[in-house]
Structures are given as C-alpha cells and as structure tokens.
1. Output the direction-averaged projected area (hull surface divided by four) of the convex hull of the alpha-carbon atoms of the chain, in nm².
2. Using DSSP loop states and a limit of at most 14 other Cβ atoms within 10 Å to flag GluC sites (Glu not before Pro), what is the longest stretch of the chain containing no flagged site?
3. Which trypsin sites (Lys or Arg not before Pro) in segment 1-91 pass both tests, a DSSP loop state and at most 13 other beta-carbon atoms within 10 Å?
4. Pairs K58/K99; K12/K48; K12/K46; K12/K93: which exceed 31 Å Cα-Cα?
5. Can you quote the Å³ per residue value for the convex hull of the Cα atoms in segment 23-97, rounded to an integer?
6. Rounded to the nearest 500, what is the chain's calculated 222 nm mean residue ellipticity when only DSSP H runs of at least 4 contribute -39500 (n - 2.57) each, over all residues?
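Read-outs throughout are calculated quantities, based only on the coordinates presented, and are distinct from any laboratory measurement. Nothing here was measured: the structure is a model prediction, and the numbers come from that model. Every residue, glycine as well, gets a Cβ built from its backbone with ideal geometry; the counts of neighbours run over all protein chains shown.
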Amino acid sequence: MAQFQTTIDFQKVFNELIGEQHAALTGSILTSDEDRNWDSVRELWKLKETIKSSAALKAAFRNDGADAVLRALADTADSNAGRDLLLRIDARKNEFGNKSMYTHEYLSKTWREDPTPIVEALRGYLTTDYD
C-alpha cells in the first residue's frame, strides 16, 4: 500500500509542477524493467529457456503438481540436467525467496518456504513460451 500511495503522491506533485500535458512521462519515471521484481521474472525466463532446450526437463514439467515436477527433476533420466536445474531453482529461492505469490500478502508462504509458485510460473512460461 505504501508503494501505491507514493505513486499517487508523486503523480499529483508532478502534475502540479510540470503540468498534466506531460502525464505520460510519469509512467516512464515510475515504471522500469530494471528492478528486483523484473530481475526475478528474467531469471525465471532463463530457467524456462534451459528447460525448453531439454526433452528430459520438458517431460518433468508435464507432471501434475510442483512436488511431482520436483521429484521428476531429481529422478530424470538425464540426472545431471535435473539436478542442475534443481540447484538453479534453489539459487532463485535464495536470491528472490522473500516474495510470496501475492505481492503484499504476508500470510502466504514465500518462495523460499515453498517453491510451488516457481514451478508453476515455469510451467506457465513453457506452455505460453513466455518471452
């Protein structure tokens, strides 16, 4: 909520100082793809690209549920690729793990506590070939 309120306050002051004719500029100032949220999205995209390039990893992600996917990765025929991907997922949990599925919800488990959102995001990225 604080971020939302700050955005509203900034837009109000900006319009008072610069004028509403430049209102589109506030979007450019307030929105950036160079922040930790976009860093986490970019890193998940990189994982998706790795999965996409491996038949064994893609097969693991066809399992239902995050637990089944994680088990399949650990047991994949190309176990080095599966273990490597699990290590990379763990690294993302450690780096970006303080976020939860619902951005401002403090009652939900974080990525660090439960990798299900990571696995499901990757599954969605694979299904749509997110770019």
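1. Across all orientations, the chain yields a mean hull projection of 9.4 nm².
2. Between the exposed loop sites, the longest stretch runs 35-104.
3. Qualifying residues, ordered by number: R62.
4. K12/K48; K12/K46; K12/K93
5. Spelled out: Cα convex hull of segment 23-97, divided by residues, is 112 Å³.
6. Helices in the chain give a 222 nm mean residue ellipticity of -21500 deg cm²/dmol.
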